[in-house]
1. May I ask you to compute the full-extension gain from T130 to Q118, defined as 0.36 nm times their residue separation minus their alpha-carbon distance, rounded to one decimal in nm?
2. Taking a temperature of 37 °C and a viscosity of 0.692 mPa s, what whole-number D in µm²/s does Stokes-Einstein yield for segment 1-151 with Rh from Kirkwood over alpha carbon pairs?
3. How long are the semi-axes of the equivalent ellipsoid of segment 138-205, taking √(5λ) for every eigenvalue λ of the Cα gyration tensor, in whole Å from largest down?
4. How do the peptides 132-139, 88-95 rank, highest first, by the average count of neighbouring beta carbon atoms within 10 Å per residue?
5. Could you tally the net charge around G24, taking each other residue with its Cβ under 13 Å from the Cβ of G24, Lys/Arg +1 and Asp/Glu -1?
6. In what order do E230, E33, E225 fall by count of nearby beta-carbon atoms within 10 Å, going from fewest to most?
7. Show me 66-77, 193-204, 39-50 ranked by packing, highest mean number of other Cβ atoms within 10 Å first.
Amino acid sequence: MAEDPTVRLRGATLRFGDRELWGGLDLDVAPGEFLAVLGPNGSGKTSLVKVLLGLQQLSSGTVEVCGRAPRRGSTRVGYVPQQKSFDRDVALRGRDLVRLGLDGHRWGTGLPNRTARQRVDRAISEVGATAFADAPLGRLSGGEQQRLRIAQALLGDPSVLLCDEPLLSLDLSHQQGTSALIDERRRTAGTSVLFITHDINPILPMADRVLYLAGTKWAIGTPAEVMTGERLSALYGAQIDVLRVRGRIVVVGAPDAAHADAAGAHHHHPVGDDHDHGSRAAGGHPWE
């Protein structure tokens with residue numbers, strides 16, 4: 001008997017004023033599934049995360065996370081935000097950041113100190129961060145900081161892990177390490193992963209399916225089904241070519257106006273991070 005989905009959307013539509021980000025979205029995410037969420041700037045990727053966190057209401061349709069309406073502060077959902085570096089002089093230690101995942105969103109004393117410390121230590125150990133957990137956050141590398149954010153997200157033993165561009169600003173080795181940590185979690189604990197990214201290549205071997213959002217439309221399927229010129233051209237309403245070069249996917253199309261040079265040359269560039277309230281034209285957004 002199949003397990004119930006951890007995330008279920010039916011007829012889900014999200015609008016801001018007169019602008020529709022996506023409409024009629026039907027989606028089931030299975031326990032242990034790794035879903036890559038792709039799309040250009042302004043397509044509503046980050047807003048989807050906010051809906052699942054209970055921070056944003058749908059305009060119409062229904063959403064359930066672990067069988068109930070999303071709510072703020074649920075321990076059933078872990079959240080890994082975009083990588084943003086801390087100021088070098090910030091007073092917090094690595095373990096202080098992780099501890100915020102335990103009681104940073106609720107009033108009161110939370111768990112007894114010893115129990116809390118054990119849980120924090122265990123989460124830090126699981127992501128291989130013990131060696132630098134007591135160092136000031138501002139002195140850690142981006143990859144080390146991101147390991148601690150993953151530990152924070154896993155503290156509540158979530159059934160769903162939402163990752164909003166967790167590889168931004170990380171070098172290749174730290175991208176691989178961060179992706180591997182998240183993949184290991186879903187394999188060992190059956191945690192569903194929704195992984196927002198502008199570049200599918202670092203997680204291509206891990207992704208079971210792709211949800212591609214573009215210009216109010218969407219497509220769902222395996223990477224091989226969705227990442228084709230025919231499928232993406234239909235989404236964008238423009239000619240898009242998908243190339244496979246040495247195991248990497250490159251999407252080529254009419255470039256975003258903001259990324260074209262004075263001569264109007266076409267660039268191959270990653271799809272940028274999501275800015276839901278600042279829409280750009282949904283032209284081609286090449287990957288590299």
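1. Details: separation 12, 0.36 × 12 = 4.32 nm, distance 1.25 nm.
Here the segment from T130 to Q118 would lengthen by 3.1 nm.
2. Details: Rh = 17.7 Å.
So the translational diffusion coefficient is about 186 µm²/s.
3. Values: eigenvalues 67, 47, 19 Å².
Value: 18, 15, 10 Å, ordered largest first.
4. Packing order, densest peptide first, comes out as 132-139, 88-95.
5. On the way: positive: R10, R15, K217; negative: E20, D26.
Spelling it out: positives minus negatives among the neighbours equals +1.
6. Numbers: E230 8, E33 19, E225 12.
Ranking E230, E33, E225 by Cβ neighbours within 10 Å, fewest first, gives E230, E225, E33.
7. Working: 66-77: 14.8, 193-204: 21.8, 39-50: 24.2.
So the order, starting with the most tightly packed, is 39-50, 193-204, 66-77.
Laboratory data are not the source of any read-out in this text; all were calculated from the coordinates shown. Computed from a prediction, not measured in an experiment: that's the story for all the values here. Quick reminder, even Gly has a Cβ in these numbers, built from the backbone with ideal geometry, and neighbours come from all protein chains shown.
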